[in-house]
Amino acid sequence: MVGVKKSILIMICIISPLFFVLTSRVNEMSTAKLARLARSMACRRPMVVEELTLVLSRSIPKERVQCRVLSGLALLLRVWTVRVLNLIDCPIQGFLLTTLLCHQGPLTIRLSKETRQQLAVVVYEAQDEELTQCFLEKSGSDLSNCTLDWDVLHYLLKTTTQPITINLRRSRIRDQYIPYLLPLLKNVHFQRTSSQFERTALREIHEQRAGHLVNSLVKSSDDWIDLNNLVLNHDDCEALRFALHYSDGVKLNLLLTIIPKEEMESILTLLHRVSELRVERKLLLELLHTCAGLRRRRGVAPALLTLLHHKLDLSCSSAMDLFGQEKTVLSLSFGDCRVISAAIQEADGDTELILHDCHVEDEGIEELFHVLHRIHMSFGKPLLLQLLHLIFVEDCDRSVRLASLLSRALEKKVDLSHSPLDSRACSTLALVLEHSEGLSELDLSDCHLTDTQLDVLLPHLHKVQVLNLCNNEITDKGAVKLNLYMIGNSFTETVWLSSNMITEFDILLADNRYKLWPAHVEPGWHDQRVTSLGSTAVTNETSKKKTLIEEFDPDKTITDKITYRFQCGSRGRFQCRATGLVFGMRGAGIVEYSVVHWDRDILANTSYEPAGPLFQLRSPEGHMYQLHLPHCEVKVSAAENLLVAHICRKNREFLIPKVTHSHVIVSISGLSNYGKARKKQSNSNRIQGQVLLFLEPEATPEEQRLWVFLLPRDMPPDQVENQHKEFTFIKTSSSCMLTPTAKYSVTSDLKQGFLVQPKKYTLHIAHCTYQHATFEVFLNRSITELKMNILETKLKTRKRWCRRVILNTPRDNAAKIKRFNEQQWIKNLCDILRELSKDEIKKLKSMMRNKEQKPIPKSALEGRKSPEELAELMVETWGMHDSIKATKEFMARLPRNDDRVTSLLQPFL
């Protein structure tokens, strides 16, 4: 490939007076030839190369080869204008690159980490200021991936005129060098700093009393003072206070930091200098205790809460996520709760209190009751259960008041699952629900709820949007009462009721809100007891009332595969005209489905093989209870050997279906992948098939080619058409009978200009995602119609398919595209871009940057804001044909396949 590009490049250099190349790749041979042309004045014509990439044929070339290649490159750089020279994949020794650094004119050199590191050492040893500036300008000032000695780093920082980015995790700076680094901080940007370095730097600044250096240190670290995971002593705290005194709007990281208690007061008084604070829960608790001791200085606690965004997070989640600590429970005493309550009372507004992974004494909870009206609480199930028990007291007025306050403080989602609820807790929960404005979700699964306890809650469950009552002890009596309260309740959307003691499902099946299978299991894999109950109920219901099957044409999203989409407005059975699938729906909802690849490993250790396409089904509402898969068996007795494979990830189960003359039917309770399977080598009977024809009008200058597919009837034709969209689909009646293992051939009424390969084919039905043609028929270009036959030979020869075929020869789509020029495409592309919103344009540019072939750099996209500029950039980068293909792909991914966008794009496809 490099050789082809090299030849084209040499031709361009000779014949073109001016040429612009976006990218080019050269090796050592092409570099030498181009350099010779440059010396002979043959290619000294103006030429601009956006990016020139050098690719060496050997992984470790000899030094003389490297010198020769770099000499050639240096000569080319004098003749051409090269914006970027890419040497990332070239193992060139650093000291050889000084020639390129001295190149006059703008040039960016991209180097590998090893080469850049070597070159930095070479520049240091040369001690030449001009060479150093050229090194930093041409190879970039980001040295964060280099491991540099202090001497090299110190020299570069002294010499540079622009900030150098370094990573302290790679270039370790010892404590004794920090005094020499501090005056140079204006020339440094730390990509990653360390708390140990920051502590030493702060102490050195404090000892020098150099307040002006604090700002330089903070700016070099993105405005952060990072002291996380340290044990600070008196001197460290003095240095921190000094830095805060000379800062304004600094961010302070004290996660897992230990500060002496006697130092906290003086640090708290300087928090008005801080714009953001990170602390772990133990330090936060100590700071709150210190705030409580500063009663004379009002405003300290509100300032602390403001820095924490009015959130007191006493869970261990943040420290655990950042530092990998194990989850531990924090015990909060009465005194702890008292200082928390005092800080919340002083706060300017409401406070979010997070008490996950906390154990609180009963006296402490009583203390928090005083501020329930000022907080929004988030806590675990044990603490919520403890609150419910403490609120339930003989003083009814107090219970009502506290329950009302708790309902305001709680989140909209309440989870009490796996927490046994007694009558006391249920009574308090009922009070909370009574005063609640409504919950989005209430999870009471596995709470040992009986009908009696449910009776207490029933008057208030209408305030819950999603209610989970799975795995309790609710009987038919409780279900009847629950249903009575749900009648006329439009707020509740879903009630999960699986794994209870309910046996009568009729009244529940009439309401789509009831879910009779588990709520929190992986889709498609449910408890056998519940599945059988649900299936029986549905079967009985549908047998009483046989409904007609309504046909529909699905919406399609076409990319590399076809995704079908159907939205039904009511319960019933609906058949897709494109795939033959029939869906039994309990109520209105959306179904999305597509043909996916059969993973043969799933069936590897079984005696079964695929017997049809594998469909992936999705229905967010979960209203589908029955699926009909079309089969292609002629006899119903043969179809009785079929099973339905239900596949979810790497798991599978085989379902025994009901069989009709056209479909196999299964009751389902979850959606994933479904397809037909049969025992291996059990099918030699005739099946219902189809013949699909695709025309390639210009296979050769004199011939056209007709691709013939012999397929089972259950393969959707549009799947094959989408896989072979470069050819023209010939519409004709396609039905026929086929016999696996029989031999087939193609004949016609033409005496000449008709050639078939292969002459005979033994039919094997392979249920693959991608379908290959069975025959290819070569015809003279002058032929516009023919009579074609498909013959089957087993014991004797039979004519299985015979049709008059009209060939569509208003020449291929390429001729149609030629009628459009580049300017017409740019105009339509501009109109398409104007149809997109700002967010869609943002996503579109991200796709352009991440395109596998010829991605557009971010720098090029930033300057193109109008649709006209963006359209011209796309065509300039990819050309007219590839930009059309890319636009089609981008519109499908956004997705924007609406009529307006499609009408602008379709004429060019």
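The values are calculated or read from the model by the stated rules, or taken from the named source; none is laboratory data. Everything numeric here is computed off the predicted structure, so don't read it as measured data. Don't worry about glycine lacking a Cβ; one is built from the backbone with ideal geometry, like all the others, and counts go over all protein chains shown. Heads up: the accessible areas ignore ligands, DNA and RNA and are worked out on the full protein's heavy atoms, side chains in. Shrake-Rupley method; radii C 1.70, N 1.55, O 1.52, S 1.80 Å.
Residues in segment 207-222 that are closer than 14 Å to Gly249 by Cα, part of a loop (DSSP other than H, G, I, E, B) and touching an Asp or Glu at 6+ places or on another chain (Cβ under 9 Å): 1 in all. On the given criteria, is His234 of a type outside the set (Lys, Arg), more than 24 Å from Ser315 (Cβ to Cβ) and at pLDDT 90 or above? Here the answer is yes, as His234 does meet what is asked.
Taken over segment 457-485, the residue count meeting the criterion of being touching a Leu at 6+ places or on another chain (Cβ under 8 Å) and either of a type in the set (Gly, Ala, Ser) or part of a helix (DSSP H, G or I) (or both) is 11.
For segment 409-424, the criterion of being β-branched (Val, Ile, Thr), part of a helix (DSSP H, G or I) and out of contact with any Phe, Trp or Tyr (no Cβ under 7 Å at 6 or more places or on another chain) is satisfied by no residue at all. Residues in segment 883-909 that are over 21 Å from the mean Cα position of the chain (by Cα) and among the small types (Gly, Ala, Ser): Ser883, Ser903.
Selection within segment 366-384: residues that are touching a helix residue (DSSP H, G or I) at 6+ places or on another chain (Cβ under 6 Å) and aliphatic (A, V, I, L, M). The member of this set that is surrounded by the fewest Cβ atoms within 10 Å (Cβ to Cβ) is Met377. Out of all the residues in segment 252-263, is one or more within 21 Å of Gly349 (Cα to Cα) and among the polar types (S, T, N, Q)? No, segment 252-263 contains no residue that is within 21 Å of Gly349 (Cα to Cα) and among the polar types (S, T, N, Q).
The condition of being open to solvent by 30 Å² or more (accessible area, probe 1.4 Å) and touching a residue at least 24 places away in the same chain (Cβ under 8 Å) holds for only one of Glu633, Glu703, that being Glu703. Taking each residue of segment 491-506 that is touching a residue at least 24 places away in the same chain (Cβ under 8 Å) and looking for partners that are among the small types (Gly, Ala, Ser) with beta-carbon atoms closer than 6 Å, six or more apart or interchain, yields Trp496/Ala519; Ile502/Ala479; Phe505/Ala537. Is at least one residue of segment 428-437 surrounded by fewer than 22 Cβ atoms within 10 Å (Cβ to Cβ), in a helix (DSSP H, G or I) and touching a strand residue (DSSP E or B) at 6+ places or on another chain (Cβ under 8 Å)? Scanning segment 428-437 turns up at least one residue that is surrounded by fewer than 22 Cβ atoms within 10 Å (Cβ to Cβ), in a helix (DSSP H, G or I) and touching a strand residue (DSSP E or B) at 6+ places or on another chain (Cβ under 8 Å).
A count restricted to segment 745-757 and to residues that are outside any loop (DSSP other than H, G, I, E, B) and not polar (S, T, N, Q) stands at 4.
Selection of segment 592-605 for residues being surrounded by fewer than 20 Cβ atoms within 10 Å (Cβ to Cβ), out of contact with any Phe, Trp or Tyr (no Cβ under 8 Å at 6 or more places or on another chain) and either of a type outside the set (A, V, I, L, M, F, W, C) or within 29 Å of Cys568 (Cα to Cα) (or both) yields His597, Asp599, Arg600, Asp601, Asn605. Residues that are of a type in the set (D, E, K, R), surrounded by fewer than 18 Cβ atoms within 10 Å (Cβ to Cβ) and assigned to a loop (DSSP other than H, G, I, E, B) were ranked within segment 714-744; the one that is nearest to the chain's Cα centre (by Cα) is Lys725. Taking segment 852-901 as the range and being of a type in the set (S, T, N, Q), free of Cβ contacts under 8 Å to residues at least 60 places away in the same chain and open to solvent by 50 Å² or more (accessible area, probe 1.4 Å) as the test, the residues that pass are Gln853, Ser859. For segment 509-526, taking the residues that are modelled with pLDDT of 80 or more and outside any loop (DSSP other than H, G, I, E, B), the one that is surrounded by the most Cβ atoms within 10 Å (Cβ to Cβ) is identified as Tyr514. When the test is whether a residue is touching a residue at least 24 places away in the same chain (Cβ under 8 Å) and over 38 Å from the mean Cα position of the chain (by Cα), Ala201 does not pass it. Of all residue pairs spaced 6 or more apart or on separate chains, those with beta-carbon atoms under 8 Å, a first member in segment 252-281 that is open to solvent by less than 30 Å² (accessible area, probe 1.4 Å) and a second member that is among the aromatic types (Phe, Trp, Tyr) and at pLDDT 90 or above are Leu252/Trp224; Asn253/Trp224. Here is a check on your reading of the model: is Gln93 open to solvent by 60 Å² or more (accessible area, probe 1.4 Å), polar (S, T, N, Q), modelled with pLDDT of 85 or more and touching a helix residue (DSSP H, G or I) at 6+ places or on another chain (Cβ under 9 Å)? For Gln93, the condition - open to solvent by 60 Å² or more (accessible area, probe 1.4 Å), polar (S, T, N, Q), modelled with pLDDT of 85 or more and touching a helix residue (DSSP H, G or I) at 6+ places or on another chain (Cβ under 9 Å) - is not met.
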